[in-house]
Amino acid sequence: MNILLVGAGGREHALAWKIAQSPLLTRLVAAPGNPGMAALCETRAVGATDVEALTALAREIAADLVVIGPELSVAAGLADALQAAGIACFGPTAQAGQLESSKAFTKAFADRHGLPTAAYVVCDEAAAARAALDRFEAPYVIKADGLAAGKGVVIASTRAEAEAAIDDALGGRFGAAGARVVIEEFLEGEIGSLFALCDGEASLLFGWAQDHKRAFDGEQGPNTGGMGTYSPAPVFTPALVEQIRERLVEPAFAGIAAEGAPYRGVLFVELMATKHGPKLVEFNVRFGDPECQVLMLRLKSDLVPYLKACATGTLKDMPPPVWRDEAAACVVVAARGYPGTPASGGEIRGADQDFGPDAVVFHAGTQRDEAGILRAAGGRVLNVCGKGPDLEAALATAYGAIERIEFADGFFRRDIGWRALTR
Ligand code: AMP
Ligand code: GLY
């Protein structure tokens, strides 16, 4: 098979790494890809939202399948264009993609279809939003409505902080993404990320993991796109997984199909495991980043048939995926300043050495300069992953690999997996 993989982050590097192992693969092209992916496959300098050029590239390489990595490509309507061109695509249409691209849409969708989630109000005006805080208690949860790369959420411990967050978002900090804010009830519990595939009708659970969203150790600092993940995560008991399937996954796929936008691709259910059962925090219409990285390390089955089955409506014929009986962990190395303005251009040495059979480093935000030196080019720069017989071993492998990488501008959390380790 010829496959076009769209995206340039650590998630897409992990997908490329796994797809490259498939015996079904003839040719893999990544657009735009990154220096890490360039070591695995061809890359083409076509942006992830350039729908026309991506469609042309898919035609040029006679792609049997296009795999969409990032949400921005979904929101840009890439799946719609490919569908119109008769090219099989893993990834939902822009209409189905509204499950992620607007938090206000997601909350209303949850209400329409009876999905458990936090109580909320949506406001597009600061005075009304400030007044709406009366209906909630601290800590206040304030979210920019649109896509903000995981950075549009503030958990404010005081009313003053909540008001500042409202002013910040409605004042244009997130551009159009912050033109509306969602204020939400704070949910107590443990956070989790669960993945499910759908081909428009049939669906299949596809793994789960736990992410650490705060920038610093001890769950301190601002929210980020995710600073580290591990799988398996003990919060996912078989009973919880079953409840998530029944109360969130199946009604979501049925609901979006009933609204005329059958879902083809992977749905990422971010949930809080509360004492009243799982509650939806948000949907994402793509694999999690960096959840995908640990899933790919643990996935024993060939990934390609699952991606293809979602694109072609044959998922009901696929058996559940088989996972390695091992743990995997991913530690994000970010550039100083992230999730604000990250230090750009810092030199990285040693990221591409052989770390042994249990460690792999995915590139998330890197670039090679003209001299071939690897440099930071993003907030989250490297995803250093390890696997092993248990979580301790997986983490020791990942942290051991980090020690061997030189990146003066980088920082990372030293407590990934603490919830599982202190249980
Ligand atoms: P989101 O961008 O919606 O995934 O939110 C970022 C992070 O904020 C989540 O991973 C949670 O840890 C936290 N969060 C979001 N919504 C809530 C909520 N209603 N209650 C408690 N924590 C939340
Ligand atoms: N790690 C969470 C996300 O992909 O948004």
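Once the convex hull of the alpha carbons of segment 373-423 is built, what does its volume come to per residue, in cubic angstrom?
86 Å³
What does the accessible area per residue of segment 304-401 come to in Å², with a 1.4 Å probe and no ligands, DNA or RNA counted?
Each residue of segment 304-401 exposes 42 Å² on average to a 1.4 Å probe.
Using the Karplus curve 6.51 cos²θ - 1.76 cosθ + 1.60 with θ = phi - 60°, work out ³J(HN,Hα) for each residue of segment 239-248 in order, rounded to whole Hz, and write x for Gly and Pro.
Couplings: 5, 5, 4, 5, 5, 5, 4, 6, 9, 10 Hz.
From the residues 78, 333, 14, which one has its Cα farthest along the dipole of the chain in the positive direction, the dipole being from +1 and -1 charges on Cβ of Lys/Arg and Asp/Glu about the Cα centre?
Comparing the listed Cα positions along the dipole, 14 ranks first.
Report, to the nearest whole %, how much of the accessible area of segment 347-422 belongs to carbon and sulfur atoms, 1.4 Å probe, protein only.
Its accessible area is 47 percent carbon and sulfur atoms.
What number in nm² do you get for segment 60-121 if you take the convex hull of its Cα atoms and divide its surface by four?
Convex hull of Cα atoms, orientation-averaged projection: 5.2 nm².
If the viscosity is 1.567 mPa s and the temperature 4 °C, what translational diffusion coefficient in µm²/s does Stokes-Einstein give for the chain when Rh comes from Kirkwood over Cα pairs?
60 µm²/s
Give me log10 I(q)/I(0) at q = 0.17, 0.18 Å⁻¹ for segment 13-169, Debye formula, one equal scatterer per alpha-carbon, no solvent.
Normalising to I(0) and taking log10 leaves -0.97, -1.03.
Let me know the charge dipole size of the chain about its Cα centre in debye, to the nearest 20, where only the beta-carbon of Lys, Arg (+1) and Asp, Glu (-1) is charged.
220 debye
Using amide H atoms built in the peptide plane, which far-off residues or other-chain residues are under 5 Å from residue 89 H to H?
HN-HN under 5 Å from residue 89: 66.
Hey, with R₀ at 51 Å, roughly what FRET efficiency would residue 20 and residue 119 work out to, going by the Cβ-Cβ distance, to 0.05?
Computed FRET efficiency for residue 20 and residue 119 comes out at 0.65.
Given a Förster distance of 22 Å, report the FRET efficiency between residue 250 and residue 49 from their Cβ-Cβ distance, rounded to the nearest 0.05.
For residue 250 and residue 49, the calculated efficiency is 0.10.
Report the one residue of 87, 355, 109 whose Cα lies farthest in the direction of the positive end of the charge dipole of the chain (charges on C-beta: Lys and Arg +1, Asp and Glu -1; origin at the Cα centre).
Working it through, the farthest residue towards the positive pole turns out to be 355.
Under 20 Å between alpha carbons, and skipping anything fewer than 8 positions from residue 213 in its own chain: which lysines qualify?
103, 143, 151, 279
At q = 0.10, 0.18, 0.21 Å⁻¹, what log₁₀ I(q)/I(0) does segment 129-232 have when each alpha carbon counts as one equal point scatterer in the Debye sum?
Values returned for q = 0.10, 0.18, 0.21 Å⁻¹ are -0.35, -0.95, -1.12.
Taking only the alpha-carbon positions of segment 300-368 and ignoring solvent, what does the Debye formula give for the base-10 log of I(q)/I(0) at q = 0.12, 0.27 Å⁻¹?
For segment 300-368, the Cα-only Debye profile gives -0.60, -1.24.
Which whole-number percent of Cα pairs in segment 224-360 have a distance greater than 21 Å?
57 percent
For segment 124-173, what does the accessible surface come to per residue with a 1.4 Å probe? Please give it in Å².
Dividing the accessible area of segment 124-173 by its residue count gives 48 Å².
Over 21 Å, how big is the tail of the calculated P(r) for segment 205-275, in percent of all Cα pairs?
Cα-Cα pairs of segment 205-275 separated by over 21 Å account for 40 percent.
Over segment 1-48, with every protein chain in place, what whole percent of the accessible area is carbon and sulfur at 1.4 Å, could you tell me?
55 percent
For segment 396-417 and segment 250-280, compute the distance between their C-alpha centroids and round to whole Å.
So the two Cα centres are separated by 34 Å.
Relative to the Cα centre, what is the charge dipole magnitude of segment 1-69, using +1 at the beta carbon of each Lys and Arg, -1 at the beta carbon of each Asp and Glu, and rounding to the nearest 20 debye?
180 debye
Quote the convex hull volume per residue of segment 76-174, based on C-alpha atoms, as a whole number of Å³.
121 Å³
The values are calculated or read from the model by the stated rules, or taken from the named source; none is laboratory data. From a predicted model like this one, the values you see are computed outputs, not experimental measurements. Positions of Cβ are generated from backbone atoms using ideal geometry, with glycine treated the same way; all protein chains shown enter the neighbour counts. Each accessible area value is taken on the protein alone, full model and side chains, heavy atoms only, with ligands, DNA and RNA left out. Shrake-Rupley method; radii C 1.70, N 1.55, O 1.52, S 1.80 Å.
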